[in-house]
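Input: a single structure, listed below in C-alpha cells.
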Amino acid sequence: MKKRLLIVDDSSVMRRTIEKNLANYDMEIIGQAANGVEAVQMVMDKKPDVVTLDITMPEMDGIACLEEIMKINPETKVMIITALADKLTGLIALDRGARGFMYKPVNADDLSRAFDKLLKRDGE
Amino acid sequence: MESRKEEFEATCNLFINSVSNYFKHLTEIDSDMKVPYLKESDGLVLKDFTGMIGISGSRQGFVYISANREMFADLINLFIGIEDPSEEDILDMAGEISNVVAGNVRANLGANFMISVPTVFEGMPEELNIPENVSMYVIPIKWNNHEAFVVLGLD
C-alpha cells in the first residue's frame, strides 16, 4: 500500500522541488501546506503516513506543528527539512518526535539518501 | 577579545561561505565573489527582486539577496523545470534562497542567531523598516553569468 505524503514548506518552489525529487518513491502526495496551521488541519483531515516539515514558517512554525502532529498521530513519520543549521534545533526536533532531520540546501541525492533510510528503518 | 570589526568581518565570511555552498550544492556551478565593501551612505543596493531576512537575538539587523529576474528564473528552472515562472515564483525563490543562506549561518553562530521569515519585494518598496545605525556590508556575486548582491546589515 502506498504511503501518503504531506509536504509542508512556506516556499512553493521548495514544495515542488521536494515533490519532483520524491516522484520515484512509491508514495502518494496527498497535499501541500504553506504553514503549520494548514499542515495540522491537513494531518487531521487526510492522515498522512509521512510529512516533510520546514521549521521557519509564518502562522505556526515547524516545531509547534510537529508537536501538534505527534498529538494527533504519534506514528506519523516526520522528516524535518530546514535551513536552521544549528545542532540545538535538530536535537529539539528529534526530541519532539521527528524521525529524520535534513539541513537545506537539499538536492535530489540528499533527499534520496534520507528517504531510503527513513523508509528502510521502518521496514517499508 | 575579538574587536567589533573582526567580529563583523567574521560574520560576513560566514554569509559568504553560506552563499557559495548554496550555489555549489544545488547547482554544481560555482559562484564568484567580487570584492566586498562597506556601504556608508543611506539607501539600499538593489536589483529587481529581493528576499530579506530580519536578524534578532545575539545580533540585530538584516540580510538580503537581490538579483534580477533571470537569475531566480534560472534557479527555478533547474529545480523544478519551469522555464517561464510567474512573478510569485520569482519572489518565492528570492525568499527561499535568503532563508537558506541566513539559516545556515546558525551552524556557526548557534540558535541565538534568530532569523525571521522572508520579506520579499520587487524594486524599491515604498515602506521598508531598515534599522538605523547598521553597518552594511555589500557582497557582489556572480553565478551563471548573473550578478547579484548579498547585503548584510548588522548593528
Q. What residue among B:P125, B:P85, B:P140 shows peak mean-square fluctuation when chain B is described by a Gaussian network model with Cα springs under 10 Å?
A. B:P125
Q. Relative contact order for the stretch A:3-121 using alpha-carbon pairs under 8 Å, separation at least 6, rounded to a whole percent?
A. 23 percent
Q: Determine which lysines satisfy two conditions relative to A:K20: a Cα distance under 23 Å, and not lying fewer than 8 residues away in the same chain.
A: A:K2, A:K3, A:K46, A:K47, A:K77, A:K104, A:K117, A:K120, B:K24
**Q.** Distance histogram in 10 Å bins (all Cα pairs of the stretch B:4-154, percent per bin)
**A.** 11, 45, 35, 9, 0
(Q) What's the magnitude of the charge dipole for the stretch A:3-121 around its Cα centre, counting Lys and Arg as +1 and Asp and Glu as -1 at the beta-carbon? Answer in Debye, nearest 20. (A) 420 debye
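Mind checking the dipole of the stretch B:1-139: about its Cα centre, +1 per Lys or Arg Cβ, -1 per Asp or Glu Cβ, Debye to the nearest 20? Intermediate values should be presented prior to the final figure.
Numbers: 9 positive and 23 negative charges, 145 e Å.
I would put it at about 700 debye.
List the relative contact order of chain B as a percent without decimals, with contacts defined as Cα pairs under 8 Å and 6+ residues apart. Could the numbers behind the result be given before it?
Numbers: 276 pairs, mean separation 54.6, N = 155.
It rounds to 35 percent for chain B.
When the accessible area of the stretch B:1-61 is computed with all protein chains present and a 1.4 Å probe, what percentage of it is carbon and sulfur?
On the way: 1700 of 3560 Å².
C and S fraction of accessible area: 48 percent.
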Q: For the stretch B:92-116, state which residues have at least 30 Å² less accessible area in the presence of all protein chains than in their chain by itself, taking the probe as 1.4 Å and leaving out ligands, DNA and RNA.
A: B:D92, B:E96, B:N99, B:V100, B:N104, B:R106, B:A111
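Using a 1.4 angstrom probe on heavy atoms only, work out the carbon and sulfur share of the accessible area of the stretch B:70-155 in %. Walk me through the numbers before you get to the answer.
Numbers: 1570 of 3950 Å².
For the stretch B:70-155, the apolar C and S fraction of the accessible surface comes to 40 percent.
What is the Cα radius of gyration of the stretch A:1-51 over 2.2 N^0.38 Å, N being its residue count? Display every interim value, and only then the final one.
Values: Rg = 10.4 Å, N = 51, 2.2 N^0.38 = 9.8 Å.
This ratio for the stretch A:1-51 stands at 1.06.
Whole number in Å², please: accessible area per residue of chain B, 1.4 Å probe, ligands, DNA and RNA not counted.
Accessible area per residue: 49 Å².
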Q.
Given Cβ point charges of +1 (Lys, Arg) and -1 (Asp, Glu) and nothing else, what value in debye, to the nearest 20, does the dipole of the protein assembly as shown about its Cα centre take?
A. 1080 debye
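Which order do the peptides A:51-58, B:127-134, A:2-9, B:16-23 come out in when sorted by mean C-beta neighbours inside 10 angstrom, highest first?
On the way: A:51-58: 24.8, B:127-134: 10.2, A:2-9: 22.2, B:16-23: 19.2.
The most tightly packed comes first, giving A:51-58, A:2-9, B:16-23, B:127-134.
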Q. Build a GNM of chain A with springs between Cα atoms under 10 Å: which of A:V37, A:V13, A:V78 gets the top mean-square fluctuation?
A. A:V13
Q | Residues in the stretch A:43-64 that, when all protein chains are in place, have 40 Å² or more less accessible area than the chain alone would give (probe 1.4 Å) | A | A:T56
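Given a 1.4 Å probe and every protein chain left where it sits, what share in percent of the accessible area of chain A is carbon and sulfur? Before the final figure, lay out the partial values.
Details: 2850 of 5660 Å².
Here carbon and sulfur together make up 50 percent of the probe-accessible area.
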Q: Quick one: among B:D74, B:D30, B:D42, which has the greatest mean-square fluctuation in a GNM of chain B with alpha-carbon springs under 10 angstrom?
A: B:D42
Q) Does chain A come out rounded, prolate or oblate by the C-alpha gyration tensor, with a ≥ b ≥ c the root eigenvalues, rounded set by a/c under 1.5 and, if not, prolate when a/b is larger than b/c and oblate if not? A) rounded
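Once A and B are treated as a pair rather than alone, how much accessible area drops out, both sides summed, in Å² to 100, probe 1.4 Å?
Values: alone 6600 and 8560 Å², together 13310 Å².
It comes to approximately 1900 Å² buried between A and B.
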Q) Quick one: Karplus J couplings for the stretch A:76-84, per residue in order, coefficients 6.51, -1.76, 1.60, θ = phi - 60°, nearest Hz, x for Gly and Pro? A) 4, 8, 9, 9, 6, 10, 9, 7, 6
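Pick out, in residue order, every one of the trypsin sites (Lys or Arg not before Pro) in the stretch B:1-80 that is DSSP loop and has at most 16 other C-beta atoms within 10 Å; say none if there are none.
Working: sites: B:R4, B:K5, B:K24, B:K34, B:K39, B:K47, B:R59, B:R69; in loops: B:K34, B:K47, B:R59.
Those satisfying the criteria are B:K34.
Any idea of the accessible area per residue across chain A, 1.4 Å probe, to the nearest Å²? Can you show the working numbers first?
On the way: 5660 Å² over 124 residues.
Computed with neighbouring chains in place, this is 46 Å² per residue.
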Q) How large is the helix-only mean residue ellipticity at 222 nm for the protein assembly as shown, computed as the sum of -39500 (n - 2.57) over DSSP H runs with n ≥ 4, divided by its residue count, in deg cm²/dmol to the nearest 500? A) -12500 deg cm²/dmol
Q. Rule-of-thumb check for the protein assembly as shown: C-alpha Rg over 2.2 N^0.38 Å?
A. 1.01
**Q.** Charge dipole of chain B about the Cα centre (unit charges at C-beta), most positive-ward option of B:L38, B:S3, B:P85
**A.** B:S3
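The values are calculated or read from the model by the stated rules, or taken from the named source; none is laboratory data. A quick note: this is a predicted structure, and the numbers were derived from the prediction, not measured. For neighbour counting, all protein chains shown are included, and Cβ atoms are generated from backbone atoms with ideal geometry for every residue, glycine included. Calculation scope for accessible area: heavy atoms of the full protein, side chains included, ligands and nucleic acids excluded. Shrake-Rupley method; radii C 1.70, N 1.55, O 1.52, S 1.80 Å.
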